[in-house]
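A short reminder: the numbers here are calculations on the coordinates, not readings from a lab. What you see is a predicted model; the values in this text were computed from it and never measured. Cβ placement follows ideal geometry from the backbone for every residue including glycine, while neighbour counts extend to all protein chains displayed.
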Amino acid sequence: MTSLLIAAERLIVTRDTAAAHTPPNVARHHAAPIAPAAAPDGVRVAPAGSGQSHVVSPGYVRLDGERIAEVSAGRPPGRPDVELAGGTLAPGLIDLQVNGYYGHDLVDADEAGWLAIVRRLPETGVTSFLPTFITAPIPALVAALRTAARRLPSLPAAGSRVLGVHVEGPFLSRDRRGAHNAEWLTDPTPEAVRTLLAAGPVKIVTLAPERAGGLDAVRTLSRAGVLVSVGHSDATAGQVKQAADAGARMITHLFNAQSGVHHRAPGVAAQALADARLTAGLIADMAHVAPVVCKVAFAAAAGRIVLVTDAAAAAGMPPGRYDLGGEPIDLPAAGPPVRADGTIAGSALRLDAAVGNVVGLGVDLAVAVDAATRVPADLIGRSDLGRIAPGAVADLVWLDTADSTVDPTGGTAGTAGTAGGGLRARATWVGGELVFKGVQ
Ligand SMILES: [Zn+2]
């Protein structure tokens, strides 16, 4: 087995399994633990905030093959194979919502498109992700899920892992549809839910629980081990609570395309922040959600925020016309992609930049990294991922401050002001293999 010793000036260590290897006096930065939530049979959901990550400086990791064998503070005992000067060694980033990237929309991408995305996402620090299919007619979603199931086994190991598919629609609210096509929205009948479940590797379903049959669908999906996320929803806080009672554990892109936090009419976002069972996705490009509201989210839902990109095919590309769910979107010179009527349609965000953006708001580095690593991993039942800890999968990213003078992607760095953030992946490992090494 190949062994690799990496010395880092700074690294983010997760305490739940690494505690024995770190001295007790290292600074700890973590969210308050949250009690495990009861879940119906079949739901594999780790309690949000169960782990505690913190910064160790300096430190080192020893990899044995695909796993992390040792994590420790201080200088390594021998000569390291890799010496990371500056920056932070973090777990590989995990993105639970990727519609497309690099010009390809995953719902109908050909094999070359899938390969391009899988091979290139490590450039953004992303070592695993969920391809996300937005609303389409059920037969089209079935076809896309079957294609995904067929492609997964043959995807290259030297790329970002595909952990399953996030199906965002078609069981959404007409009033909160955003860029989704209203004609294809429908109720989550038992038959429609069964059909999608049988078609392919469904990991997350975003739905509006207030639709007819919504709560039954939440129960069916949760029992089948699918993570149900409330999104594109006009539900009241009470209806979201009922969805959580039925097994829902996530909120899709908090504040976007959902009822909000009115103090006498609390909606999806209010319940998301208040309910310890729920973890919320957040698009931190500083355009989808204003910076101050991102800060509110991290403060109110400590350990329960997951950074997502909601990236569309326009991500990683120059301004121009691209495709989302079979219909055109335009990426302007600044700001997220939009439909012809001006509706925001996905993002052009990089997940490494999103981490930097929230750090720029004053969120602790370890908390920001957790929101893009350990928290999403635990949420989908993959606690072998998303942490630097002995026994964990050796997916890693070396993050460093972005050099704004060489950012060729314009709109991807947190378009409407980078809020002082700006982190970029400089090197990325998947399963212990170096899969990306950037310009230094
Ligand atoms: Zn959406």
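Numbers for the structure displayed
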| item | result |
| --- | --- |
| Residue with peak Gaussian network fluctuation, the chain [Cα springs, cutoff 10 Å], from Trp184, Trp114, Trp398 | Trp184 |
| Isotropically averaged projected area of the stretch 144-184, using the convex hull of Cα atoms (one quarter of hull area), nm² | 4.0 |
| The chain, Cα convex hull volume normalised per residue, Å³ | 127 |
| Within the stretch 102-127, backbone nitrogen closer than 20 Å to the virtual label 7 Å beyond the Cα of Ala157 toward Cβ | 115-123, 126-127 |
| Nearest-ten-degree value, helix 111-120 long axis tilted from longest Cα axis of the chain | 40 |
| Of all DSSP beta bridges in the stretch 93-379, antiparallel share, percent nearest 5 | 30 |
| Degrees, to the nearest 10: 214-223 long Cα axis against longest axis of the chain | 40 |
| Computed over the stretch 165-283, the ratio Rg/Rh where both radii use C-alpha atoms and Rh is Kirkwood | 0.94 |
| Inverse of mean 1/r across different Cα pairs in the stretch 214-354, Kirkwood, Å | 15.8 |
| Compactness of the stretch 84-153, expressed as Rg and Dmax over alpha-carbon positions, Å | 14.1, 51 |
| Cα gyration tensor shape of the stretch 230-287, rounded if a/c is under 1.5, else prolate or oblate by comparing a/b with b/c | oblate |
| Neighbour-count ranking [beta-carbon atoms within 10 angstrom, fewest first] of Leu351, Leu365, Leu307 | Leu365, Leu351, Leu307 |
